[in-house]
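Visitor: This is the structure, below, for whatever I ask next.
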Amino acid sequence: MSAPLPSDPATDPSFSDMLETRPSLKMDARDGLLFEGVPLHVIAAAVGTPCWITGAETLRRRAKALRAAFEARNLPVTMHFAMKSQDHQATLTILRQCGYGVDIVSGGEMQRALHAGIQPSGIVFSGVGKSDAELRAAVEHDIAQINVESVEELYRLDDIARACGRVARAALRVNPDVDADTHDKISTGRAGDKFGIEHRRAVALYGEAASLKNVRLVGLAVHLGSQMLTAGPFREGYARLADMVREIRAAGHTVEAVDCGGGLGIRYRDEIAPSPDMLAGVIAETLGDLDVRLSIEPGRWLSAPTGILLTRVIETKAGNPDFVVLDAAMNDLARPSLYESWHGIMPVAPSGLTSPTKLWDIVGPVCESSDIFARDRALPVDTKRGDLIALLDTGAYGSVMSSTYNTRPLAAQVLIDNGKWEIIRQRQSVAELIAAETVPEWLTAKDDHG
Ligand SMILES: *Cc1c(COP(=O)(O)O)cnc(C)c1O
């Protein structure tokens, strides 16, 4: 679980600690903070701030490491990137080239995935409320698998597939009632959470579904939670899943596939992050001998460390506490205000590593008290207006959660790849925001008549 605000200055990692655990970040004596070898001050000067930066090599490295962990155990596993964590076309293109499919949670994500060249056979559709239109689109594209979250959805899918003249492949998303030991707002696999089908009910339903003509159940799916840091909840959840597979088979039904979901956590602060090998080991141990097609749906583990949010100090404000006001805010990066999550906050200037520090409250300019990135956080004593600051590990659930609250247009995005970099999404303009709005004529008519 991420440490709640305020951060604890006594145990927060130092800037050197943060660099040591992030191979894509380096402090250069002349150019300051580098991400994948590119000086951040160069990008800030050219693109402005706030600005999201994605490192292509970091993403490829992680995609390969995750795959390698399963290959090392001779465990064939299909990878579906949970694209809700980071849905940019460039990210999807890189992962497609690494052999990944996607886990989608909306029809919009399906369109994005198809546009990035991901084949329907590489798309799995999860989500607790899929509309008729979304299910129809998924059936018509003949995507790999629809993870059904309720009895009602199963029958609705059968109706929709019949109307389309198709047979949809589906898995039952089961709720194994396991406490993922993560933040309450990102737990998904407990009995009271809204996700999935209660496990006893699922075994019976699997049998019932055999009579459906337009849905073919291929197996079971789970997603236990997010930012999971230990093997225990994975082992418990997957062991229950394995029991269910055996029960369903004992009742005479076929189970071909098991989708293990996502949830693998990363180090934001000082967490002991689990390795892909831990996940591979637990899956091998609990599900390895079932003779099923296995798949996983990692999101955060792949994308979080590939991103930083680059921002500039608008103002420092002396008081008790002293404030650093950044030009990035909760509308850009929502996680600290939403989940009280801890993100590394680093000065970009070369002097950042050596300057004496003091504790600041680091906030955005949005008119909400919850627009706080960190309380009691160390930054150089002489932090001042105009300084560049990097918010680390913002590649997952970062840009995708941005809003335009306070008429703050969506920030620009940049991709770094092997020393090259390019803007991959232009900064939105206020004019674009206004252009999307219309005023009914009857309102403007009142102006004319004074
Ligand atoms: C969000 C989600 C994931 C990815 O979770 P991470 O914690 O980012 O790995 C995977 N599967 C489903 C169904 C999800 O909703």
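Visitor: Residues of segment 287-340 being of a type in the set (Phe, Trp, Tyr), under 27 Å from residue 240 (Cβ atoms) and either in a strand (DSSP E or B) or open to solvent by less than 30 Å² (accessible area, probe 1.4 Å) (or both), which ones?
Guide: 301 - this is the single residue of segment 287-340 that is of a type in the set (Phe, Trp, Tyr), under 27 Å from residue 240 (Cβ atoms) and either in a strand (DSSP E or B) or open to solvent by less than 30 Å² (accessible area, probe 1.4 Å) (or both).
Visitor: Quick check: anything in segment 121-128 in contact with a Ser or Thr (Cβ under 7 Å, 6 or more places away or on another chain) and away from the ligand (no atom under 13 Å from the Cβ)?
Guide: No, because not a single residue in segment 121-128 is in contact with a Ser or Thr (Cβ under 7 Å, 6 or more places away or on another chain) and away from the ligand (no atom under 13 Å from the Cβ).
Visitor: Do any residues in segment 292-303 that are more than 13 Å from residue 104 (Cα to Cα) and charged (D, E, K, R) have Cβ atoms under 6 Å from those of residues that are within 8 Å of the ligand (Cβ to nearest atom) and modelled with pLDDT of 95 or more, where the two are at least six apart or on different chains, and which pairs are they?
Guide: 300/85; 300/396
Visitor: Out of segment 70-85, which residues are open to solvent by less than 10 Å² (accessible area, probe 1.4 Å) and either charged (D, E, K, R) or not in a strand (DSSP E or B) (or both)?
Guide: If the condition is that a residue be open to solvent by less than 10 Å² (accessible area, probe 1.4 Å) and either charged (D, E, K, R) or not in a strand (DSSP E or B) (or both), then 70, 83, 85 are the ones that fit.
Visitor: On to the next question. Scan segment 131-154 residue by residue and report those that are within 27 Å of residue 242 (Cβ to Cβ) and not acidic (Asp, Glu).
Guide: 143, 144, 145, 146, 147, 148, 150, 151, 154 - these are the residues of segment 131-154 that are within 27 Å of residue 242 (Cβ to Cβ) and not acidic (Asp, Glu).
Visitor: For segment 419-438, indicate whether the set of residues that are modelled with pLDDT under 95, open to solvent by less than 60 Å² (accessible area, probe 1.4 Å) and among the hydroxyl-bearing types (Ser, Thr, Tyr) is non-empty.
Guide: The answer is no; no qualifying residue exists.
Visitor: Exactly one condition in (1) within 14 Å of the ligand (Cβ to nearest atom); (2) without any contact (Cβ under 8 Å) to a residue 24 or more places away in the chain is false for residue 145; which is it?
Guide: (2)
Visitor: Then there is this: Are any of the residues in segment 253-270 more than 16 Å from the ligand (Cβ to nearest atom) and open to solvent by less than 20 Å² (accessible area, probe 1.4 Å)?
Guide: Yes, segment 253-270 contains at least one residue that is more than 16 Å from the ligand (Cβ to nearest atom) and open to solvent by less than 20 Å² (accessible area, probe 1.4 Å).
Visitor: Can I ask one more? What number of residues in segment 300-352 are over 24 Å from residue 274 (Cβ atoms) and of a type in the set (D, E, K, R)?
Guide: 6
Visitor: On the given criteria, is residue 53 open to solvent by less than 50 Å² (accessible area, probe 1.4 Å), part of a strand (DSSP E or B), more than 23 Å from residue 361 (Cα to Cα) and touching a strand residue (DSSP E or B) at 6+ places or on another chain (Cβ under 8 Å)?
Guide: Here the answer is yes, as residue 53 does meet what is asked.
Visitor: On to the next question. Looking at residue 205, is it within 26 Å of residue 156 (Cα to Cα), assigned to a helix (DSSP H, G or I) and touching a residue at least 12 places away in the same chain (Cβ under 8 Å)?
Guide: Judged against the criteria, residue 205 is a match.
Visitor: Based on this model, can you work out whether residue 370 counts as small (Gly, Ala, Ser), touching a Phe, Trp or Tyr at 6+ places or on another chain (Cβ under 7 Å) and part of a loop (DSSP other than H, G, I, E, B)?
Guide: Criteria not met by residue 370.
Visitor: Just need a number here: residues in segment 407-418 that are polar (S, T, N, Q) and open to solvent by less than 100 Å² (accessible area, probe 1.4 Å).
Guide: Going through segment 407-418 one residue at a time, the tally reaches 2.
Visitor: Within segment 87-108, count every residue that is out of contact with any Ser or Thr (no Cβ under 6 Å at 6 or more places or on another chain), crowded, with 22+ Cβ neighbours inside 10 Å and over 17 Å from residue 56 (Cβ atoms).
Guide: Matching residues across segment 87-108 total 3.
Visitor: Hey, another quick one. For segment 11-29, which residues satisfy the criterion of being acidic (Asp, Glu), surrounded by fewer than 19 Cβ atoms within 10 Å (Cβ to Cβ) and not in a helix (DSSP H, G or I)?
Guide: Scanning segment 11-29 gives a single hit, 28.
The values are calculated or read from the model by the stated rules, or taken from the named source; none is laboratory data. Quick caveat, the model's predicted, so the values are computed rather than measured. All Cβ positions, glycine included, derive from the backbone under ideal geometry; neighbour counts span all protein chains shown. Protein only, heavy atoms only, side chains kept; ligands, DNA and RNA dropped before computing areas. Shrake-Rupley method; radii C 1.70, N 1.55, O 1.52, S 1.80 Å.
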